[in-house]
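In what follows, a structure is listed as structure tokens, so that the remarks can point back to it.
The values are calculated or read from the model by the stated rules, or taken from the named source; none is laboratory data. As the structure is a prediction and not an experimental result, all values here were calculated from the model. Here the Cβ positions follow ideal geometry from the backbone for every residue, glycine too, while neighbour counts run over all protein chains shown.
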Amino acid sequence: MSGRVVVLGGSGFLGSHLCDQLLARGDEVVCVDDLSTGRIANVAHLDERPDFTFIEADVSMGIPVDGPVTAVCNLASPASPPDYLALPLETLAVGSEGTRHGLELAARHGARFLMASTSEVYGDPEVHPQAESYWGRVNPIGPRSVYDEAKRFAEAITMAHHRTLGTDVAIVRIFNTYGPRLRPDDGRVVSNFLLQAMRGEPLTVYGDGSQTRSLCYVEDEVRGLIALLDSDLVGPVNIGNPDEYTVLQLAQTVIAQLNSASVIEHRPLPTDDPTRRRPDITVARGELGWEPTTSLEDGLARTAAYLATDAGLTLGS
Ligand code: UDP
């Protein structure tokens, strides 16, 4: 059954892919974004469609959406560490007030609310891999806390709405995701390494590179978000790829795959950088029948092709 879905943060990296997949399966989409870290170019190809509307607004101030609403997906937030470290108060505002506005919009319409939470709620985890039952280890006063605690608050207000008002909600915990539409200046590991390798510049490995991440290709990730949206699960549900790599392995993989002449250079490790991260996706597999299918090699190739075009580079140059 198709509906009218409001995507908060719909011009961002993940949000724009969500708009695409929702439209492809027949939903109408209202994309709301203040373009602070999202890019209008991510949804420019949807501009002429009658089933797509773009509204420029900061959802922490309110959500100016009229007409019917069947679901609200809340992906509005800076998500890259350099972005949220540069926008600390905005990140806290959008995670708290933005989420409250999204919940109120959903509740008014009897719509389902999907909260895009994060593996960052697990902080620097003592439990590995991370299952949804783990409460996490977050430094509440460290620089990253603006993102981690905003998302933890967002989970709390989502559950409080559900418990006290019966709002239909779902929480997804998104692990590291990569793919086309990562901004070249986003600062995340995959976009940095691919661009550095293509430019023949040193790959900047923070710390000794022994920290791990588990990287999910964006189309797999968004397919998981929609599976959760279509279910009646509350969650939280981890959606991420359980294939785990050290950051050093990732750098070596990128250099080898792009046949790059780049070397590896070490830089200081950012404060509170989690030492390891890998999702336990038993719930997603069992309850949603979801698992990622895109290999790292394919995902990196598609992301490299996008970044090369976006940054005006030639692959292999
Ligand atoms: N990282 C790195 N070099 C870079 C960018 C990131 O070594 O140029 C590391 C970073 O310290 C972290 C991992 O890669 O351990 C993932 O960083 P990212 O910013 O992509 O996401 P995070 O998981 O920290 O939110």
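Observations on the structure shown:
- Residue count for the stretch 185-207 under the criterion of being among the charged types (D, E, K, R) and near the ligand (Cβ under 10 Å from one of its atoms): the result is 2.
- Leading residue by the ranking (surrounded by the most Cβ atoms within 10 Å (Cβ to Cβ)) among those in the stretch 69-83 that are within 16 Å of Leu14 (Cα to Cα) and within 16 Å of the ligand (Cβ to nearest atom): Ser77
- Odd one out for Arg163, checked against (1) in a helix (DSSP H, G or I); (2) within 16 Å of the chain's Cα centre (by Cα); (3) surrounded by fewer than 22 Cβ atoms within 10 Å (Cβ to Cβ); (4) among the basic types (Lys, Arg): (2)
- In the stretch 127-153, the residues that are within 14 Å of Tyr84 (Cα to Cα) form Cβ pairs under 6 Å with partners that are among the hydrophobic types (A, V, I, L, M, F, W, C) and assigned to a loop (DSSP other than H, G, I, E, B), at six or more places apart or across chains, as follows: Asp148/Val138.
- Of all residue pairs spaced 6 or more apart or on separate chains, those with beta-carbon atoms under 8 Å, a first member in the stretch 185-196 that is touching a residue at least 12 places away in the same chain (Cβ under 8 Å) and a second member that is aromatic (Phe, Trp, Tyr) and crowded, with 21+ Cβ neighbours inside 10 Å are Asp186/Phe13; Arg188/Tyr178; Val190/Tyr178; Ser191/Tyr178.
- Number of the exception - Ala86 against (1) under 27 Å from Leu165 (Cβ atoms); (2) small (Gly, Ala, Ser); (3) without any contact (Cβ under 8 Å) to a residue 12 or more places away in the chain: (1)
- Taken over the stretch 89-141, the residue count meeting the criterion of being β-branched (Val, Ile, Thr) and either surrounded by fewer than 18 Cβ atoms within 10 Å (Cβ to Cβ) or at pLDDT below 95 (or both) is 2.
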